[in-house]
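Here is the structure we will look at, set down as structure tokens.
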Amino acid sequence: GQQVQQSPASLVLQEGENAELQCNFSTSLNSMQWFYQRPEGSLVSLFYNPSGTKQSGRLTSTTVIKERRSSLHISSSQITDSGTYLCAMEQGGRALIFGTGTTVSVSP
Amino acid sequence: EAAVTQSPRNKVTVTGGNVTLSCRQTNSHNYMYWYRQDTGHGLRLIHYSYGAGNLQIGDVPDGYKATRTTQEDFFLLLELASPSQTSLYFCASSARTGRAETLYFGSGTRLTVL
């Protein structure tokens, strides 16, 4: 089964709304990361967040490793936030294992 | 900012065809990876390498070979392409210093196998 579960699978927002994306892991992990995939396909790293809360602009990531979960909060969404948000786990030195992503669509 | 360049951007081949996808990174990262991305599956690891001449098996290696010829260059080879290998392929690199591993991705190669 899928080791990294993301929810919801998709999300439609009106510009200015907030959103919370969830990531749950079925196995123990050392750390996790969030990535953003632009609509045209390119991928960029958002957060390396092994535990606690990190903020970058309007994005906030909160990870509770012992509960095997992480969330990504988008505040005051903008059209440019549209795209797919992927979480990934690091487990024992292996390469990252990715979830299937949450596709966010922000309309005016 | 690390640079990872993939080529070609798009490729169409026929079943049974031979395909080589290329990846070059210019920041002397140790680790390089090949992922495929399909709807409903997210990014899945095919092969990765921690240096020239090294190859590690990923989670979905069947039908793929890979070779790391230099620190900079990592190739993915499909010797008998099948329609199930139609996908979006990403190459990535990382320095893997300590526990923090930031991946830098290429722009992707869209492969269609007819």
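Among the residues making up the range A:75-108, those that are within 14 Å of another protein chain (Cβ to nearest Cβ) and either among the small types (Gly, Ala, Ser) or without any contact (Cβ under 8 Å) to a residue 24 or more places away in the chain (or both) are A:Gly83, A:Ala88, A:Gly92, A:Gly93, A:Arg94, A:Ala95, A:Gly99, A:Gly101. Does the range A:55-70 contain at least one residue that is buried (at least 21 other Cβ atoms within 10 Å of the Cβ), in contact (Cβ under 8 Å) with a residue 12 or more places away in the chain and not hydroxyl-bearing (Ser, Thr, Tyr)? There is no residue in the range A:55-70 that is buried (at least 21 other Cβ atoms within 10 Å of the Cβ), in contact (Cβ under 8 Å) with a residue 12 or more places away in the chain and not hydroxyl-bearing (Ser, Thr, Tyr).
Here is a check on your reading of the model: is B:Asn30 closer than 25 Å to A:Ser31 by Cβ, more than 11 Å from every other protein chain (Cβ to nearest Cβ) and among the polar types (S, T, N, Q)?
Details: closer than 25 Å to A:Ser31 by Cβ: yes; more than 11 Å from every other protein chain (Cβ to nearest Cβ): yes; among the polar types (S, T, N, Q): yes.
Yes; evaluated as a whole, the condition is true for this residue.
Once the range B:7-31 is narrowed to residues that are among the aliphatic types (A, V, I, L, M) and part of a strand (DSSP E or B), the residue that is most open to solvent (accessible area, probe 1.4 Å) is B:Val12. Is it the case that the range B:77-93 has a residue that's within 22 Å of A:Gln37 (Cβ to Cβ) and surrounded by fewer than 17 Cβ atoms within 10 Å (Cβ to Cβ)? There is at least one residue in the range B:77-93 that is within 22 Å of A:Gln37 (Cβ to Cβ) and surrounded by fewer than 17 Cβ atoms within 10 Å (Cβ to Cβ).
Do we find a residue being over 13 Å from the mean Cα position of the chain (by Cα) and open to solvent by 30 Å² or more (accessible area, probe 1.4 Å) anywhere in the range A:95-104? No; the residues of the range A:95-104 include none that is over 13 Å from the mean Cα position of the chain (by Cα) and open to solvent by 30 Å² or more (accessible area, probe 1.4 Å). Being away from chain B (no Cβ under 14 Å) and of a type outside the set (S, T, N, Q) is the requirement here; does A:Ala9 meet it? So A:Ala9 does not fit the description; no.
The values are calculated or read from the model by the stated rules, or taken from the named source; none is laboratory data. Every value quoted in this text rests on a predicted model; they were computed, and no experiment measured them. Here Cβ is always computed from backbone atoms with ideal geometry, including for glycine, and neighbour counts include all displayed protein chains. When the accessible area is computed, the model is the full protein with side chains, heavy atoms only, and any ligands, DNA or RNA have been set aside. Shrake-Rupley method; radii C 1.70, N 1.55, O 1.52, S 1.80 Å.
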